[in-house]
Amino acid sequence: MILNDRIEGVLFDIDDTLVDTRGAFAHALSVLAGEYLTELPTGRHGEVLAMWRADTHGHYRAYTRGEKSAREQRMARANELHSEFGGVHLDDRGFDEWDDLFQSSFKEGWKAFDESRSVIDELRARGYRVGALSNAGLALQTEKLAACGLGDVDILVTLDTFGVGKPDPRVFVEASRLLGVSLEASAYVGDELDIDARGALGAGLGQGIWVDRPGARRGGTHEESTAAAVAEGIAVVPSLAELLG
Ligand SMILES: [Mg+2]
């Protein structure tokens, strides 16, 4: 049992925590590469996914700090991919078409991790409150959870709430308040060490848990040190199933 005795409520990150977003990006970017990066061999599509997820220039993080719009960050990243892998530069109109294909393919790929449903059900059966706190937008995340069979999970806080996301302490404090449990009785579970588990502890939550799935690290500027996490009192688990032992 990873959850400590004081915990009464569990807040989950959504992307790459409850939902296999990496798999959905892999599908979407493969479709886009087939359309826009026609010189790139299929065997290199994994490199496109890796560059997207690494977010080396921090465009997505800038979005979560309220410094860029969702469109701006995605257009910048699309053009970085094209520049790196031999696609044309996308202007506004070109990006609209790219993004339409991105969104439809991304949605086709949405799928929960195998254990997400059963872990949520088991937590509730044992009396825990369960909610979600995400750095993406509410409309997108509501649609995503519903498509993944997790539509009963309350999305408590998103980027829409304050215009900024994790690791800003306000989002954790607000999610805990809405969950109806004290900060000390709240645990946060997410796949990004710095903004999720560390951010939660920084905001005063009782527990920060890092889901470090084998082979799923992002690389780039993301901090992903197990030793550092453990030294800070962060629990590290390879899947959600470990939460309940
Ligand atoms: Mg995540």
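The values are calculated or read from the model by the stated rules, or taken from the named source; none is laboratory data. What you see is a predicted model; the values in this text were computed from it and never measured. Cβ coordinates were reconstructed from backbone atoms using ideal geometry, including for glycine residues, and neighbour counts include every protein chain displayed.
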* Asked: Does region 90-106 contain at least one residue that is buried (at least 17 other Cβ atoms within 10 Å of the Cβ), under 16 Å from the mean Cα position of the chain (by Cα), within 17 Å of Ala136 (Cα to Cα) and at pLDDT 95 or above?
  -> yes
* Asked: Could you count how many residues in region 181-228 are within 18 Å of Arg53 (Cβ to Cβ), more than 13 Å from the ligand (Cβ to nearest atom) and crowded, with 22+ Cβ neighbours inside 10 Å?
  -> 0
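Can you find a residue in region 174-186 that is among the basic types (Lys, Arg) and under 18 Å from the mean Cα position of the chain (by Cα)? I'd like the intermediate steps shown before the answer.
Restricting attention to region 174-186, the residues satisfying the condition of being among the basic types (Lys, Arg) are 177.
Remaining after also requiring under 18 Å from the mean Cα position of the chain (by Cα): none.
Within region 174-186, not a single residue is among the basic types (Lys, Arg) and under 18 Å from the mean Cα position of the chain (by Cα).
If you take just the helices (runs of 4 or more DSSP H) that sit entirely in region 128-245, which of them hold at least 2 residues that are free of Cβ contacts under 8 Å to residues at least 24 places away in the same chain and over 13 Å from Phe12 (Cβ atoms)?
Details: elements: 138-147, 159-162, 169-179, 199-202, 226-231.
Correct list: 138-147, 159-162, 169-179, 226-231.
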* To do: Look through Thr38, Thr17, Thr56, Thr42 and report the one residue that is out of contact with any helix residue (DSSP H, G or I) (no Cβ under 6 Å at 6 or more places or on another chain), within 16 Å of the ligand (Cβ to nearest atom) and of a type in the set (Ser, Thr, Tyr).
  => Thr17
* **Set Leu240, Leu150, Leu178: member being more than 13 Å from the ligand (Cβ to nearest atom), out of contact with any Lys or Arg (no Cβ under 8 Å at 6 or more places or on another chain) and among the hydrophobic types (A, V, I, L, M, F, W, C)** => Leu178
